[in-house]
Amino acid sequence: MKISELFYSLQGEGKRTGVPSFFIRTNYCNLRCRFTGGNYCDTPYTSWLPDDNENLGDVEVERIIDRFIKSGARDAVITGGEPSIQKEELSLLCSGLKSSGAYITLETNGTMISDFKNYIDLISVSPKLSSSVPYGTEHEKSHEKNRINNDVLLEYEKGFREKLLDIQWKFVICSERDIQEIKELQQSIGFSNRDVYLMPEGISPMI
């Protein structure tokens with residue numbers, strides 16, 4: 001499986017904030033976020049620079065699971081990049097982690113879906129708003145075209161609800177203009193206010 005990094009830390013976002021977790025950051029992403037404040041996504045080495053030598057590269061799924069077990073964590077957080085790019089490997093990873101007793105959170109940009117609902121405990125969907133478009137770059141058109149997939153977002157919301165699984169919707173906020181876009185998306189997808197988390201872009205220090 002193409003992996004950027006493996007590490008142990010506290011979950012810093014969403015419903016599991018503060019929970020000791022083993023993070024599995026997959027490499028490569030189908031989007032290229034650059035927010036209005038000028039920041040690239042928080043992990044540009046998995047999207048803009050996926051071939052950077054700082055990324056781990058190919059790692060056997062069995063080795064990842066072994067690292068999780070040795071970490072002593074109960075929570076496994078699969079993030080990226082975009083984990084759903086590696087469909088077969090992701091299903092094998094989720095199956096193995098679940099067999100090892102993991103509480104699994106999968107973080108995704110919501111543009112594609114894989115067959116992993118039988119293993120995931122919490123799906124963390126982070127659709128990219130128009131404030132994420134990398135204007136003036138070679139990726140502008142493809143990012144704009146692919147950043148929102150309503151069919152996939154509906155499948156996440158309805159599919160997870162039908163299976164009584166947990167879901168959260170996380171949005172990077174650059175300005176108040178983003179709120180209206182989130183409300184429009186909420187109207188079309190139907191997710192609840194209680195499942196929404198807003199994350200400021202963070203371009204200036206808090207005073």
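Read-outs throughout are calculated quantities, based only on the coordinates presented, and are distinct from any laboratory measurement. Quick caveat: nothing in here was measured; it's all calculated off a predicted structure. Every residue, glycine among them, receives a Cβ derived from its backbone with ideal geometry; neighbour counts consider all protein chains shown.
When both region 15-69 and region 70-146 are represented by their alpha-carbon centers, they are found 10 Å apart. Taking a ≥ b ≥ c as the square roots of the eigenvalues of the alpha carbon gyration tensor, region 64-207 is prolate, as a/c is not under 1.5 and a/b beats b/c. Take the alpha carbon gyration tensor of region 1-86, find the square roots of its eigenvalues, order them as a ≥ b ≥ c, and report rounded if a/c is under 1.5; if not, report prolate when a/b exceeds b/c, else oblate. Verdict is oblate for region 1-86. I'd like the orientation of helix 61-71 relative to the chain: the angle between its Cα long axis and the longest Cα principal axis, in ° from 0 to 90, rounded to 10. Taking Cα atoms only, the helix is inclined about 90 degrees.
Of the trypsin sites (Lys or Arg not before Pro) found in region 113-207, the ones in coil according to DSSP and having at most 12 other Cβ atoms within 10 Å of their Cβ are LYS163.
In a fully extended conformation the segment linking ASN118 and ASN53 would gain 20.0 nm over its present Cα-Cα distance, using 0.36 nm per residue. Once the C-beta distance of ASN146 and GLU181 is scaled by a Förster radius of 25 Å, the resulting FRET efficiency is 0.95 to the nearest 0.05. With the simple spin-label model, which puts each label point 7 Å out from Cα in the Cβ direction, the SER188 to GLU62 separation comes to 4.5 nm. DSSP finds beta bridges in region 2-200, and of those with both partners inside it, around 30 percent are antiparallel. Compute, for region 2-200, the length of the dipole vector about the Cα centre, with Cβ point charges of +1 (Lys, Arg) and -1 (Asp, Glu) only. Units Debye, rounded to 20. Charge dipole, region 2-200, about its Cα centre: 440 debye, nearest 20. Rounded to the nearest 10 degrees, the angle from helix 87-99 to the longest Cα principal axis of the chain is 50 degrees.
Among the listed pairs LYS15/LYS87; LYS87/LYS128; LYS128/LYS163; LYS98/LYS145; LYS2/LYS183; LYS70/LYS158, those whose Cα-Cα separation exceeds 30 Å are LYS98/LYS145; LYS2/LYS183; LYS70/LYS158.
Helix 177-189 and the longest principal axis of the Cα set of the chain meet at an angle near 60°.
Listed by Cβ neighbour count within 10 Å, with the fewest neighbours leading, SER188, SER131 appear as SER188, SER131.
When the charge dipole of the chain is built from unit charges on Cβ atoms (+1 for Lys and Arg, -1 for Asp and Glu) and taken about the Cα centre, the candidate among MET1, GLY136, VAL77 whose Cα reaches farthest toward its positive end is VAL77.
The slack in the chain from TYR197 to GLU162, taken as 0.36 nm per residue of separation less the alpha-carbon distance, amounts to 10.4 nm.
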